[in-house]
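Below: one structure, written as structure tokens.
The values are calculated or read from the model by the stated rules, or taken from the named source; none is laboratory data. Every value quoted in this text rests on a predicted model; they were computed, and no experiment measured them. Note that we place each Cβ from the backbone using ideal geometry, even for glycine, and neighbour counts take in every protein chain shown.
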Amino acid sequence: MAGFSDLPFRVICREMGSAVSYTPCITDVAVAFGGAKTERLAEFTDCERPVAVQLLGADERTLLAAAERVMAQQPDLVDLNMGCPARRVTSGGRGAALLREPERVRRLARLLVERLDVPVTGKIRLGWDASSRNYLQIARILADSGLSAIAVHGRTRAQQYSGTADWQAIAEVKAAVQVPVIGNGDVRTPEDIDRMRRVTGCDAVMVGRGAIGNPWLFSGRALPDVSFTERLRLIRRHAQAMSDYYGEALGVVLFRKHVVRYVQGLRDATSVRPNLLAAETLADLFKTLGDWWPEEPAGLREPAPGAEEEDHG
Ligand SMILES: Cc1cc2nc3c(=O)[nH]c(=O)nc-3n(C[C@H](O)[C@H](O)[C@H](O)COP(=O)(O)O)c2cc1C
């Protein structure tokens, strides 16, 4: 997930039990012409393998050039994103805009499969909008083109991230194609993972927003079963990893959006939030956490009523 699933977070998710890491989507032009910032987006470590580098593209030559460039990093998979709804992406025909051009999808998929010597996968939505739900057509094209797996986010582009993901549609895709299908959308608890598998028959489950502030989801643990001490320790470790990776100033700023999710729903989290968001150094961050939430078991706070629901965005 762009803005969240960077290398430090993915390493934590892997330790918790995630099966495959995806680097955040990057446009083909950014890969082809980008500098150090883009390179960092596609960076991964060996401990994350198997890892997919995910690309956004629309033009065959540019996409292939980008894919060949990322192959230098030896990813285990290359994934074509056909789900990103952002206007800056779709206006160039990339991401979810590809769903409106099935024949282009066929050309791009065939090209990547022919030219890359790693498995190629794809991520789709159900269609552009409610009146153009062409997920079965697109899934069949991808399977016929030789893709090794298809991840299906059970929403249309028009839905963005709202409404409920349609898991029945994912079940239809699973029934329609022979390649592995990865179910995605509204998976927030270990029960959701089981239910997604049961309802859709999918071969694997992809977790999105449910992992933010809750990487324990990958270990099959329900958030209420994770002690506050464990949460605090992981917050500290994650913050330290961000600081080591990006440098302290940038790492702490980028960690702010994670920390507010880690503490969301806990007692007094609302009052401590401004200080967490204002932290500029690890010392600021740890002091705020320590003042609010001493690590002694006796000092641990109870979750606020309803915290369980709030903890999952
Ligand atoms: C902030 C944000 C960034 C995302 N970035 C990506 C991305 O880079 N690649 C991708 O395939 N999906 C991306 N997604 C979509 C998620 O992977 C997922 O498909 C979607 O959120 C639905 O799953 P969920 O309901 O479990 O969150 C992003 C979602 C969010 C909210």
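Structural remarks
- Top-ranked residue of the stretch 1-42 - restricted to ones that are away from the ligand (no atom under 16 Å from the Cβ) and outside any helix (DSSP H, G or I), ranked as surrounded by the most Cβ atoms within 10 Å (Cβ to Cβ): 17
- Listed by first and then second residue, the pairs with beta-carbon distance under 8 Å, at least 6 apart or on different chains, first residue in the stretch 37-62 and closer than 18 Å to residue 81 by Cβ, second small (Gly, Ala, Ser) and part of a loop (DSSP other than H, G, I, E, B), are 50/19; 53/42; 58/92; 58/93; 59/93.
- Within the option set 118, 113, being out of contact with any Lys or Arg (no Cβ under 8 Å at 6 or more places or on another chain) and either at pLDDT below 95 or assigned to a helix (DSSP H, G or I) (or both) holds for one residue only, 113.
- Top-ranked residue of the stretch 261-270 - restricted to ones that are over 12 Å from residue 4 (Cβ atoms) and touching a residue at least 12 places away in the same chain (Cβ under 8 Å), ranked as surrounded by the most Cβ atoms within 10 Å (Cβ to Cβ): 263
- Within the stretch 43-56, tally of residues that are in contact with a Pro (Cβ under 7 Å, 6 or more places away or on another chain) and in a helix (DSSP H, G or I): 0
- Only listed residue being surrounded by 19 or more Cβ atoms within 10 Å (Cβ to Cβ) and out of contact with any Cys (no Cβ under 7 Å at 6 or more places or on another chain), chosen from 220, 183, 213: 213
Residue-wise test of (1) out of contact with any Gly (no Cβ under 9 Å at 6 or more places or on another chain); (2) part of a helix (DSSP H, G or I); (3) under 26 Å from residue 207 (Cβ atoms).
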position: 221; (1), (2), (3): yes, no, yes
position: 234; (1), (2), (3): yes, yes, yes
position: 239; (1), (2), (3): no, yes, yes
position: 255; (1), (2), (3): yes, yes, yes
position: 260; (1), (2), (3): no, yes, yes
position: 283; (1), (2), (3): yes, yes, no
position: 287; (1), (2), (3): yes, yes, no
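- Applying the criterion of being within 16 Å of the ligand (Cβ to nearest atom) and assigned to a loop (DSSP other than H, G, I, E, B) to the residues of the stretch 77-107, the residue that is farthest from the chain's Cα centre (by Cα) is 92.
- Flag for residue 72 being assigned to a helix (DSSP H, G or I), out of contact with any strand residue (DSSP E or B) (no Cβ under 9 Å at 6 or more places or on another chain), in contact (Cβ under 8 Å) with a residue 24 or more places away in the chain and on the phi < 0 side of the Ramachandran plot: no
- Verdict on residue 64 being part of a helix (DSSP H, G or I), away from the ligand (no atom under 14 Å from the Cβ), more than 25 Å from residue 8 (Cα to Cα) and out of contact with any strand residue (DSSP E or B) (no Cβ under 9 Å at 6 or more places or on another chain): yes
- Restricting the stretch 151-169 to residues that are within 12 Å of the ligand (Cβ to nearest atom) and farther than 16 Å from residue 129 by Cα, the residue that is farthest from the chain's Cα centre (by Cα): 167
This table checks each residue for (1) in contact (Cβ under 8 Å) with a residue 60 or more places away in the chain; (2) closer than 16 Å to residue 276 by Cα.
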residue: 218; (1), (2): yes, no
residue: 222; (1), (2): no, no
residue: 240; (1), (2): no, yes
residue: 247; (1), (2): no, no
residue: 250; (1), (2): no, yes
residue: 257; (1), (2): yes, yes
